[in-house]
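One structure below.
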Amino acid sequence: MEEFSRVLMVVNPISGGRDKTAFIEEIIEEVRRKGYDFQIFKTSGEKDKETLEALIKEYAPHRILTLGGDGTIKLVAEMPEIEKIPIGIFPAGSANGLAENLNLPTDLPSLTNIALGNKFKLLDTILINGEFCLHISDIGLNAALIKNYHEGNIRGKLGYLIQSIPTLIKSDFPFEFRIETNGKILQRTAFLVAIANARRYGTGATINPHGKYDDGKFEILIFKEFNIPQILQTFREDVELSEDFLEIIPAVEARITSSKNIPFQIDGEYRGDIKEVLAQISSVKIKIAVP
């Protein structure tokens, strides 16, 4: 097993709308029982990136653990030279898309063994409008749902369910998109266009059946029609989606534009209503501890 002694845990105290005190104490006890030196960093929303970067430089951890959602993992992934430091994930966000795609368990002993273990995957990252994306970014109806979810008071999958009907009523989909990729220009009408490095949303819906985290490319997913039976298919074990419903385009870079502002999200975080999305595979890869 890889030799290491210093462990840093990065915690988002408010992710997922749940108290993490007992969870943190159990992890600390287990890490110290294994004989590792340990420090904890809690995000506050104020200069987290700068503060964490300084702490990593000073403490020089051999392993970084994250306790939060995809946003917490992304914060760590944005650190300089992060490729050299393995990351262990304790999913505690609202949807936990990356953990869902990596098939991480939910019980603490198993998560701890994986997070401190010696089996890893090197994952691609995507640079979208200057920001890292580890999982799925999209423009359209799902981003509108995420916007409404964050404006609501109920967290977790129930919060998304509650906001789904109001989102459908208020949204003026379908949208008109211009997609430039692979030397071609495409005009498409769709209710959602996604840029995906993963197969599934954190809700469990499989929208990118052939997606791989480590193949050096991403997929542009064009959802052409709001077809409820096809949407329900995405929650099945064996996903079969019609080409009339979903068009998939592998790419390493893309420019997606529209004539009007449309809701946009990256890894479950609403990023405003925009007219342009620029995406390209990044040179940065992250080393994640996996089962």
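The values are calculated or read from the model by the stated rules, or taken from the named source; none is laboratory data. Here the structure is a predicted model, which means the values were calculated and not measured. Cβ: placed from backbone, ideal geometry, glycine included. Neighbour counts: every protein chain shown.
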Check: Got a sec? Which of LEU108, LEU145 is aliphatic (A, V, I, L, M) and touching a residue at least 24 places away in the same chain (Cβ under 8 Å)?
Finding: LEU108
Check: Being over 19 Å from ILE288 (Cα atoms), touching a Lys or Arg at 6+ places or on another chain (Cβ under 9 Å) and at pLDDT below 90, is that true of even one residue in the range 42-64?
Finding: no
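Can you name every residue in the range 274-291 that is of a type in the set (A, V, I, L, M) and either out of contact with any Cys (no Cβ under 8 Å at 6 or more places or on another chain) or assigned to a loop (DSSP other than H, G, I, E, B) (or both)? Please lay out each step first, then the result.
If we filter the range 274-291 for residues that are of a type in the set (A, V, I, L, M), which is where we start, we get 274, 277-279, 281, 284, 286, 288-290.
Passing the criteria: ILE274, VAL277, LEU278, ILE281, VAL284, ILE286, ILE288, ALA289, VAL290.
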Check: When you look at LYS84, is it among the basic types (Lys, Arg), in contact with a strand residue (DSSP E or B) (Cβ under 9 Å, 6 or more places away or on another chain), surrounded by 16 or more Cβ atoms within 10 Å (Cβ to Cβ) and not assigned by TED's automatic domain parsing to the domain that holds THR203, yes or no?
Finding: no
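Would you pick out the residues in the range 132-144 that are of a type outside the set (A, V, I, L, M, F, W, C) and within 12 Å of the chain's Cα centre (by Cα)? Before you say what the answer is, go through the steps one by one.
Quick first cut of the range 132-144, residues of a type outside the set (A, V, I, L, M, F, W, C) only: 135, 137-138, 140, 142.
Residues satisfying the conditions are HIS135, SER137, ASP138.
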Item checked: Matching entry among THR66, THR21 (being among the hydroxyl-bearing types (Ser, Thr, Tyr) and under 23 Å from HIS135 (Cα atoms)) -> THR66
Notebook entry, point to check: Tell me, which residue of the range 112-140 that is assigned to a helix (DSSP H, G or I) and surrounded by fewer than 24 Cβ atoms within 10 Å (Cβ to Cβ) is modelled with the highest pLDDT?
Noted result: ILE114
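Of all residues in the range 249-273, count the ones that are assigned to a loop (DSSP other than H, G, I, E, B) and modelled with pLDDT under 95.
So in the range 249-273, the residues assigned to a loop (DSSP other than H, G, I, E, B) come out as 252, 267-268.
Of the ones still in play, those that are also modelled with pLDDT under 95 are 267-268.
Residues meeting the conditions: 2.
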